[in-house]
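**Q** Take this structure first; my questions come after.
Each value in this text was obtained by applying a stated rule to the coordinates, not by laboratory testing. Only a predicted model underlies this, so the values are computations on that prediction, with no experimental measurement involved. All Cβ positions, even for glycine, are placed from backbone atoms using ideal geometry, and neighbour counts span all protein chains on display.
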Amino acid sequence: MLPSSLVPVVRSRFPEIIRGGRTCEIELLPKGPALRGFFTLELIDAKSKLIKQVLRFENLITDAGLNAINGTTLRVVDMTTYFGVGTGSTAPDVAQTDLITPAAVSPRSNTTVSGFADESGFDAVGFAWWRRTRSFSESQGNGNLAEVGAFSAASAGTMFSRQLIKDALGVPTTLVKTSADILRITYEVRLYPPADLDTTIDISGTSYDIRVRAQSQSSGSNTWAALVQILGTSNLYTATPPAGVESNAQAAVSTFPSTGTSSSFSSATQAAYTGGTFYRDLTYIAEPGSSNFTTGIGTIVPWLSTQGRQWAIYFTSTKVPKLNTQRLTLNFRHSYTRH
């Protein structure tokens, strides 16, 4: 999320408008909040239920997947509903939209595995994760398998990820599945929050030090563990306007800012998405009647749909004074990319 430079405009008989001018693009990380995915393939003897082979490797997230997330047309959970297998050996490419050579029999499966419900959490190393498991029965996906992917539908749809099947050394290999085998596939998506961003913006000729922080880096509802599952929700950033908070006390990254004395902004709107850019611009507006505090605005807390507060923008030195005769407009940019 990228705060803009802000320029005031005063008009007689109208509220003073504190308006975002030219967007000042500030990177939260070289790649921003970043996504990464891993496949785990287990070849299981159908009769004995013994695991014959286990392969684990990282995948490539496609441009189609990133476009769906940033364009808020499909969620991560939607695009990992089906897993597909095939025999194609062409290297993965971000522009690909399907497997090269899907398996001849039941190339995709959304069969859930008893005892393997979807899981999510936050790893102490510093990333949110979400896992889903699907299986191919004895009659499905048989052949000399060389590729695997995650999809939104049983046929066509959006391919979120694709990768060649690899051995323990990361070398492409062939997994031979017959009618005597079950193939269990687990897909894990990881989302890496960025580190704190400290920078300065100009408002009405005054420089303000700000800190943009990824909050709620933990498990449970209203956290990054919840966020990784709902990326791509259509109203993720606009369902609820952000809160303006008088205090600028900074919360630990594992929790979220105490609301204290707060007031919701008036509106939140999203600009149209341009495919291939992997970012979306937002405008937050506080009309004259909102977010007016005795000591000024100390923190802005965006709300992400129904999933709570994963971000905070702190005015670390001087708060922003806003009167009930002023309108404050803030421009932000959010982006999700590959790790």
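**Q** Report the calculated FRET efficiency for VAL54 and ALA195 (r = Cβ-Cβ distance, R0 = 41 Å), to the nearest 0.05.
**A** For R0 = 41 Å, the calculated efficiency reads 0.75.
**Q** Do the sum for the chain: with -39,500 (n - 2.57) for every DSSP H run of n ≥ 4, divided by all residues, what is the mean residue ellipticity at 222 nm, to the nearest 500 deg cm²/dmol?
**A** -1000 deg cm²/dmol
**Q** Note the full-extension length gain between SER317 and THR73 as 0.36 nm times their separation in residues minus their Cα-Cα distance, in nm to one decimal. Could the numbers behind the result be given before it?
**A** On the way: separation 244, 0.36 × 244 = 87.84 nm, distance 3.87 nm.
Length difference between fully extended and current span is 84.0 nm.
**Q** For the stretch 144-219 and the stretch 252-295, what is the centre-to-centre distance using only Cα atoms, to the nearest Å?
**A** The two parts, judged by their Cα centres, are 26 Å apart.
**Q** May I pose another question? I'd like the FRET efficiency for ASN144 and LEU169, computed as 1/(1 + (r/R0)^6) with the beta carbon distance as r and R0 of 25 Å, rounded to 0.05.
**A** Working: r = 19 Å, r/R0 = 0.77.
FRET efficiency, ASN144 to LEU169: 0.80.
**Q** Please list, ordered by chain and number, the residues whose modelled amide H lies under 5 Å from the amide H of TRP303; skip anything fewer than 5 residues away on the same chain.
**A** Amide H neighbours of TRP303: ALA243.
**Q** Computed from the mean reciprocal separation of all distinct C-alpha pairs, what Kirkwood hydrodynamic radius does the chain have, in Å?
**A** Hydrodynamic radius (Kirkwood, Cα only) of the chain equals 21.6 Å.
**Q** Rg over Rh of the stretch 183-339, using C-alpha atoms and the Kirkwood radius, what does it come to?
**A** 0.99
**Q** Hey, rough spin-label estimate for THR101 and ASN235, points 7 angstrom out along Cα→Cβ, what's it come to in nanometres?
**A** So the two model labels end up 4.8 nm from each other.
**Q** Please enumerate, by chain and number, the lysines with C-alpha under 23 Å from the C-alpha of LYS177, excluding those fewer than 8 residues away in the same chain.
**A** LYS47, LYS49, LYS52, LYS166
**Q** Rg to Rh for the stretch 34-192: what is it, with Cα atoms only and Rh by Kirkwood?
**A** With Rg and the Kirkwood Rh in hand, the quotient comes to 0.94.
**Q** Any aspartates and glutamates with Cα under 19 Å of the LYS322 Cα? List them, leaving off those in the same chain fewer than 8 positions away.
**A** GLU16, ASP202, ASP209, GLU246, GLU287
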